[in-house]
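K.L.:
Here you go, one structure.
The values are calculated or read from the model by the stated rules, or taken from the named source; none is laboratory data. Quick caveat, the model's predicted, so the values are computed rather than measured. Here the Cβ is made from the backbone with ideal geometry for all residues, glycine too, and neighbour counts use every protein chain on show. To get the accessible areas, we keep the full protein, side chains included, count just its heavy atoms, and leave off ligands, DNA and RNA. Shrake-Rupley method; radii C 1.70, N 1.55, O 1.52, S 1.80 Å.
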Amino acid sequence: MAILYALVARGSVVLAEFVGTSTNASSIAKQILEKIPGDSDTHVSYSQDRYIFHVKRTDGLTVLCMAEDNAGRRIPFAFLEDIHQKFVKAYGRSIHTAPAYAMNDEFSRVLGQQMDYFSNDPNADSLNRMKGEMAQVRNVMIENIDKVLDRGERLELLVDKTATLQGNTLRFRKQARRFRSTVWWRNCRLMFTLIIVLLIIIYIVLAFVCHGPLLPSCV
């Protein structure tokens, strides 16, 4: 499972975004921003093929991500909540007046890092399970995106599956290297401990053979 795209916006003004694969998700996400009804806080999801756009709007700030459908809802909305908190903490009142993409250079890196964390680190889901599922998420209805955008023709979401597969492969290799490194260090510590224990045993045996508490008595 993976979160492939994310943005932060004030109304329809995108302040920061990050694309994790080759896709036209950005253009579709901007259309969704224009179609979100009303000004009240909301949690909503829009489906398209095997992908779902999840939206969280709080106090006029909208955070949106596109994830594979097998990511479920808990993890994407935990990601949106995390991004919302980090963005508000970082930029405060400037959010309400900033021009389009004003925070993109800095915050796009945060989006990318958190997308990777919530997509691949099992601790992300474990932490959210400990907190309990958010009530809003349990009640989120998933609507078809074509219905929401009110288009006569089918809206096509394009995702480069090869790029996504390559990204997943790279993440798998990183995790495999990290695991091998952990095992190697664990083996080193075990070997060092065994050597110390062996030296202590040899010392005790030699001391006993020499009938004295210290090895120099053998000389």
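K.L.:
Given points 7 Å out from each Cα along the Cα-Cβ axis, report the Ala90 to Asn24 separation in nanometres with one decimal.
P.N.:
Calculated label separation equals 2.9 nm.
K.L.:
At 7 Å along the Cα-to-beta-carbon direction for both Ile200 and Asp49, put a label point, then send me their distance in nm to one decimal.
P.N.:
Going from the Ile200 label point to the Asp49 one covers 6.2 nm.
K.L.:
Which net charge results for the neighbourhood of Gln114, defined as the other residues with beta-carbon distances under 12 angstrom from its beta-carbon, given Lys and Arg at +1 and Asp and Glu at -1?
P.N.:
Net local charge, Gln114 excluded: -2.
K.L.:
Loop only per DSSP, at most 14 neighbouring Cβ atoms within 10 Å: give me the trypsin sites (Lys or Arg not before Pro) in segment 11-111, ordered by residue number.
P.N.:
Passing both the DSSP loop test and the Cβ count: Arg50.
K.L.:
For segment 30-66 and segment 77-121, what is the centre-to-centre distance using only Cα atoms, to the nearest Å?
P.N.:
15
K.L.:
Counting only other residues whose beta carbon sits under 15 Å from that of Asp41, what net charge do I get with K and R as +1, D and E as -1?
P.N.:
0
K.L.:
Quick one: net charge around Asp59, please, counting Lys, Arg +1 and Asp, Glu -1 for every other residue with C-beta under 12 Å from its C-beta.
P.N.:
After counting each charged neighbour, the total is +2.
K.L.:
Probe radius 1.4 Å, ligands and nucleic acids left out: which of Cys210, Cys65 has the largest accessible area, and how do the rest follow?
P.N.:
Most to least solvent-accessible, the answer reads Cys210, Cys65.
K.L.:
Put His54, His96 in order of accessible area, largest first, 1.4 Å probe: what do you get?
P.N.:
In descending accessible area the options line up as His96, His54.
K.L.:
Moving on. If you count only protein heavy atoms with a 1.4 Å probe, what accessible area per residue comes out for segment 1-129, rounded to a whole Å²?
P.N.:
43
K.L.:
Another question, then. Rounded to whole Hz and in sequence order, give me ³J(HN,Hα) for segment 24-32 from the Karplus expression 6.51 cos²θ - 1.76 cosθ + 1.60, θ = phi - 60°, writing x for Gly and Pro.
P.N.:
Residue by residue, segment 24-32 yields 9, 4, 4, 5, 5, 4, 5, 5, 4 Hz.
K.L.:
Where the convex hull is taken over the Cα atoms of segment 28-89, what is its projected area averaged over directions, in nm²?
P.N.:
Projected area, direction-averaged: 4.1 nm².
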